[in-house]
1. Given the conditions (1) under 19 Å from B:N42 (Cβ atoms); (2) surrounded by 15 or more Cβ atoms within 10 Å (Cβ to Cβ), which single one is not true for A:T144?
2. So which pairs qualify, if the first residue must be in the range C:171-196 and under 14 Å from C:G258 (Cα atoms), the second must be of a type in the set (D, E) and in a helix (DSSP H, G or I), the Cβ gap must be under 8 Å, and the two must be at least 6 apart or on different chains?
3. Among the candidates C:A48, C:A88, C:A84, which residue alone is modelled with pLDDT of 85 or more and open to solvent by 10 Å² or more (accessible area, probe 1.4 Å)?
4. When you scan the range C:408-459, how many residues do you find that are free of Cβ contacts under 8 Å to residues at least 40 places away in the same chain and closer than 26 Å to C:R362 by Cα?
5. Considering C:T411, C:T376, which residue is hydroxyl-bearing (S, T, Y), modelled with pLDDT under 90 and either farther than 21 Å from C:D571 by Cα or surrounded by 24 or more Cβ atoms within 10 Å (Cβ to Cβ) (or both)?
6. Just give me the residues in the range C:431-480 being open to solvent by 40 Å² or more (accessible area, probe 1.4 Å) and aromatic (F, W, Y), in sequence order.
7. Among the residues in the range B:8-27, are any more than 7 Å from every other protein chain (Cβ to nearest Cβ) and more than 19 Å from A:V113 (Cβ to Cβ)?
8. Take B:V46 and tell me if it is open to solvent by less than 10 Å² (accessible area, probe 1.4 Å), in contact with a Gly (Cβ under 9 Å, 6 or more places away or on another chain), in a helix (DSSP H, G or I) and at the interface with chain A (Cβ under 7 Å from one of its Cβ atoms).
Amino acid sequence: MSLAAAAAAPSGFLSPTGVEIAFVLVGIATLGAALISVTTKQLVHAALWLVVALGGLAVEYLLLTAEFIAWVQVLIYVGSVVVLILFGLMLTRAPIGRSPDADSDNRWVAVTVAAASAITLVWVVVDAFRTTWIELDGSVQGSTKVTGQTLFQHWVLPFEALSVLLLAALVGAIVLSRKNQDQDKES
Amino acid sequence: MHLAYPAVLAVLLFSIGLYGVLGRRNAILVLMSVELMLNAVNLNLVAFDVWLRDTLHAGQALTLFTITIAAAEIGIGLAIVLLVYRNRGSSDVDRLTDLAENGLAGTGPAGAGSTPDAAADEKAEATA
Amino acid sequence: MTLTTLAALVPILPFLGAAAGLLLGRRAPGFVRPLAVLPTAAAFVLAAVVAVRQGSGAPTDAATRLTPTGSVPIDLALHLDGFAVLIAVLVGLVATCVQLYSTAYLRDDPRYPSYAALVSLFTAAMFLVVYSGDLMVLLVGWEIMGICSYFLVGHYWETEVARAASMKAFLVTKLGDVPFIIGVFALATDAGTFRINGILTAATHGQLQHPTIVALLLLAGVAGKSAQFPLHTWLPDAMAGPTPVSALIHAATMVAAGIYLVARLLPVFTASAAALVVLAVMAAVTMIGSGLAALAQDDIKRVLAYSTIGQLGYMAGALAVGDRSAAVFHLLSHGAFKALLFLGAGVVIHAAGTNSLSAMSRMGDLGKRAPDAMWTMGIALAALAALPPFSGFFSKESVLRAAEHASGGHTDGVPSAVGWTVLAAGLITAVLTAGYATRLFLLAFRGSGPRAADHGREPAIMNAVLWVLAVPSVAFGMIALVPSVFDLPKWFDGTELTPTLLTSVLGIGLALVGVLVTYGAWTAGAARRSAAPLGAIGADSGAEPAEAEATAIAAHTAVYGDIASSDDPADPGRLLLGRLHRHAASGFHLDAVYTALFVRPVLAAANLVRFLDREVVETYVRGAGAAPRLLGAAVRRAQTGNVQTYLSALLAGAVVLAVLVAVGA
C-alpha cells in the first residue's frame with residue numbers, strides 16, 4: 001500500500017497526476033460558468049450557468065473523495081436552491097432575454113475590490129501552501145459510511161440544532177409570505 | 001494533489017462571487033452570487049479536511065451544515081425579496097435606500113440642521 | 001445692660017424683624033404688621049435710652065477685630081457721641097412713624113410683607129451707619145441703604161415710571177459711590193486704619209498725605225447720597241415710590257447719611273481748603289437751583305423733593321464753613337418736619353385723588369376734608385420757611401450764623417469766601433423756600449372750586465402719626481437751645497447755636513418777603529384759576545391710599561404731558577418765575593444734558609458692542625462651525641443607502657488590511 005502510494009506520489013512540484021489534471025480542467029469550467037453567471041445580462045441564463053458552476057463543484061468534491069458531499073451538493077444546491085432561485089426570478093417578473101440594468105453602477109468598484117481580493121488571496125494561499133500535497137490514496141475520507149459515522153457520533157448536537165434552524169427558516173418563510181397575502185386580502 | 005489547486009479555485013470562485021454581490025442590481029442575482037461565495041468556502045473546507053485527514057471530519061461536517069444553512073437562507077432571502085417586490089414594485093438593490101441620509105425615515109439631520117441653527121441664532125439675539 | 005449692648009441691639013432688632021418678615025411674610029400674614037412695627041418701635045425706645053445714658057458726656061467707643069486684611073484691618077466698632085445718638089433717635093422716631101403710617105397706607109397691598117421687611121432692613125442699615133466707628137462697617141450700612149432704596153422706590157414696579165425711577169436712583173448714587181469707595185480706601189491707607197477715631201487723629205495731626213483728593217472723592221459719594229448738585233437728579237424722580245418711603249428714606253434718613261458722614265469726618269475736609277470751596281459751591285448751586293425748581297413743580301411730592309435737596313444744601317453749606325453742630329442741628333429738625341410733610345402729602349393725595357397742585361387748587365374743600373393734614377402741614381411748612389418759633393427757624397439760623405461767622409474770617413481753616421458764598425446762597429434760598437412753602441399751602445389747602453369726590457375717611461393712624469411728628473417740628477428748636485432743659489451745644493462740639501440778632505432779622509425778613517410775594521401772586525392769579533379748569537382725577541375712591549398714589553403718579557404724564565409741570569396759568573410759581581418757569585420745571589434741563597452726555601454714548605457703545613458681537617464675533621463662531629458642518633456634509637454623502645456601496649467599502653478595507661498583514665508578516 002505504501003509502495004503503491006509512494007509510486008503514485010508526484011516526484012516534483014510541477015508533476016501533475018491525472019486527478020490534478022481533471023481537477024484543473026473542471027475547475028476552469030466551473031470558473032468560466034461562474035464568471036458568465038455574474039456577468040450575463042440575461043437573468044435566467046445567470047441562474048442556469050449557476051447550475052453548471054455548482055455541478056462542476058460537485059465533480060470537484062468527487063475528485064477530492066468527498067462523495068457524500070458531492071451528492072448532497074447536487075441534491076440541495078442544484079436540486080432545490082437553484083429551483084428556488086428560478087421561482088424567485090419568475091415571481092419577480094424578471095425579464096426574459098436581456099435586461100439592460102442587470103449591473104448596478106457600483107460594478108467598477110466591485111471589479112476593483114474583487115480583483116484586489118483575488119490577487120491578495122491567491123498570493124497568500126500560494127505562498128503558504130507551496131509545499132503541501134493532499135494524500136488521496138489513503139482511506140476514503142468522504143464516503144457515506146465515514147460521513148454518517150462522524151456525523152452521528154461527533155456532530156449530533158449541531159445536527160439537531162441545524163434541524164431546528166431549518167424548521168425556523170421554514171416557518172419564517174411561510175409567515176413572511178402569508179402576512180403579505182393577508183394584507184393583500186384586507187386591502 | 002497539490003493543495004494549491006483547490007485553494008486557488010476556492011479563492012477565485014470567492015472573488016467572482018464577491019464581484020457579483022457588489023456589482024449586480026437584481027436582488028436575486030445578489031443572492032446567487034452569495035451562493036457562489038458559500039460554495040467556494042465549502043470547497044476550501046472539504047479540501048483542507050481531506051488534506052488533514054481529520055478524524056472528526058470537521059471540515060466535511062461543517063460543509064454539510066453550511067449547505068443546509070445556505071438552503072435555509074436562500075429560502076428566507078427569496079421570501080423577503082418577494083415581499084420587497086410586492087411592496088416596492090421592483091427588486092433592485094439600488095432602490096432600497098431607506099438608510100440614506102434623506103431617506104424614508106423623515107428629513108433626518110440634514111433637514112433639521114437649519115432650524116436648530118436659526119433657533120439658536122434667535123436665542124442669541126434675545127439675550128444680546 | 002451695658003450701654004454697648006443696648007447700642008448693639010439697636011441695629012440688630014430691625015434687622016431681625018426684616019429677616020423674620022421676609023421669611024414669614026407669606027406663611028403667617030397675621031404676624032406681618034406686628035413684625036413690621038414692633039422691632040422698629042423697640043429699636044426707637046432703645047435708641048432713646050442709649051441717648052439718655054450717653055448724654056452729653058465723653059464719647060463711648062467699643063470695638064472688636066472683625067477681620068485682618070493683610071494691610072488695614074477691619075473692626076466691628078461702635079462710636080457713640082452726641083451726634084450719633086441724637087440722629088439715631090430721629091431715625092427711630094421717623095421709622096416707627098413710617099411703619100405705623102404704612103400699616104394703613106398699604107393696607108391692601110399684596111407686597112406689604114416684603115415692603116415692611118425692606119423698610120426694617122433699611123432702618124437697621126441706617127442705625128449701623130450712625131453708630132459705626134469703623135468706615136468699612138459704615139460702608140456696609142451705606143450700600144445696604146442704597147439697595148433698599150432701589151427696591152422701595154420700585155415698589156410699584158408694574159408702572160414704567162417706578163421702574164425707571166428706581167433704576168435711576170440706583171445708578172446715580174452708585175456713580176457717586178465708586179469714587180466714594182476709592183476715597184475710603186485712600187483715606188484708610190493714608191491714616192493706616194479704618195477706625196474713624198484713628199482717621200480723625202491722623203487728620204488733625206496733619207498726617208494725611210492727600211487730603212484734597214480724598215475729600216473730593218468722598219464728596220462724590222456724599223453728592224450722590226445726599227442729592228447735591230450734580231448728582232441730585234435722582235431724588236425728584238424717586239418720588240415714584242410710596243409716600244412713606246419718601247418720608248423715611250428721601251427726607252429724614254438716607255439722604256442725611258451723606259451729611260452725617262461729612263460731619264463725622266469733618267477734620268479730613270477742613271484739612272483741605274479746596275474741598276471746602278468745592279463743597280460750598282456745590283451747596284450754593286444746589287440751594288438756589290432747587291429753590292427755583294421747587295417753585296415750578298406741579299406734583300406736590302416733587303416740590304417736597306426739591307425742598308429736601310435745598311435743605312440738604314443748607315446742611316452741606318454749614319459743613320463747608322466747618323460747623324457740624326449747625327449742620328446736624330438742621331438735620332435733626334429737618335428730619336422731623338420733612339417727614340411730617342411727606343406723610344401729610346400722602347394723606348392729601350389720598351383725599352384729593354391726585355398729586356397735582358393745579359388740580360388741588362381747583363378743589364373747594366380739601367382743607368376741610370383733611371384737617372389734620374392741613375394743620376400739621378401748615379406747622380411743618382412754617383418750620384420749613386424758618387418762621388419763629390418753629391424748629392426750622394432755630395436750626396436755619398444756626399447755619400446762617402455759622403456762615404456769617406466764617407465770612408468774617410473768624411473760623412480757622414475756612415476761607416471767608418466760602419463763608420460769603422454760603423451766606424449769600426442761604427439768604428436767597430430763604431426767600432425761595434418761604435415762597436414755595438407758601439405756594440404749596442395755598443394751592444393745596446386754599447383752593448376754590450367745586451367739591452371734589454369723597455375718597456373716604458383718612459385712617460386714624462395716619463393722622464395720629466402726623467400729630468406725633470408735629471410735636472418736634474414745633475418744639476425741638478426751642479427746647480434744644482434752653483440750657484437747663486437740653487443744651488444741645490453740649491451734646492455736639494460746643495459751638496454756639498443760638499441765633500444772632502443780625503441773621504435772625506435778615507432771615508425772618510426775607511422769609512416774610514417770600515411769603516407775601518407769593519401770596520400776592522396767588523391772589524393775582526385767582527381770576528385766571530376760575531377761568532381755566534384743569535386737572536383730572538383717576539384714582540378709585542375706595543382704594544387704599546397707596547393705590548391712589550400709584551394711579552396719580554402714573555396719570556400725571558398722561559394728563560399734563562409732563563411729569564413735573566402743568567399748564568396752569570394761575571400758578572403763582574409761573575407768575576413769579578416768568579421766563580425761568582419752563583427751565584425750572586425740568587430741573588434746568590440737567591436730565592437732558594446727562595442723557596446727551598452719558599446715556600446716549602453708553603447706549604451707542606452698547607449697540608456697538610452688540611453689533612460687533614453679533615456680526616463680527618458671531619461670524620467667526622459660525623465660521624468655526626462651518627468647517628465641521630462642511631465636513632459632516634461631505635461625510636454624509638457617503639450615506640447613500642445603497643448596501644452594495646457600504647459592502648464595497650467594507651471589503652475594500654478588509655482587503656487592504658489583509659494586504660498589510662501579509663506584507664508585514
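1. Among (1) under 19 Å from B:N42 (Cβ atoms); (2) surrounded by 15 or more Cβ atoms within 10 Å (Cβ to Cβ), the lone unmet condition for A:T144 is (2).
2. Close Cβ pairs satisfying both conditions: C:D177/C:E143.
3. Exactly one residue qualifies, and that residue is C:A48.
4. 1
5. Sole residue among the options that is hydroxyl-bearing (S, T, Y), modelled with pLDDT under 90 and either farther than 21 Å from C:D571 by Cα or surrounded by 24 or more Cβ atoms within 10 Å (Cβ to Cβ) (or both): C:T411.
6. Matches in the range C:431-480: C:F441, C:W467, C:F476.
7. Yes, the range B:8-27 contains at least one residue that is more than 7 Å from every other protein chain (Cβ to nearest Cβ) and more than 19 Å from A:V113 (Cβ to Cβ).
8. Yes, satisfied.
The values are calculated or read from the model by the stated rules, or taken from the named source; none is laboratory data. As the structure is a computational prediction, the values presented were derived from the model and not from experiment. Cβ sites come from the backbone with ideal geometry, for glycine too, and all protein chains shown count toward neighbours. With ligands, DNA and RNA removed, areas are computed over all heavy atoms of the protein, side chains included. Shrake-Rupley method; radii C 1.70, N 1.55, O 1.52, S 1.80 Å.
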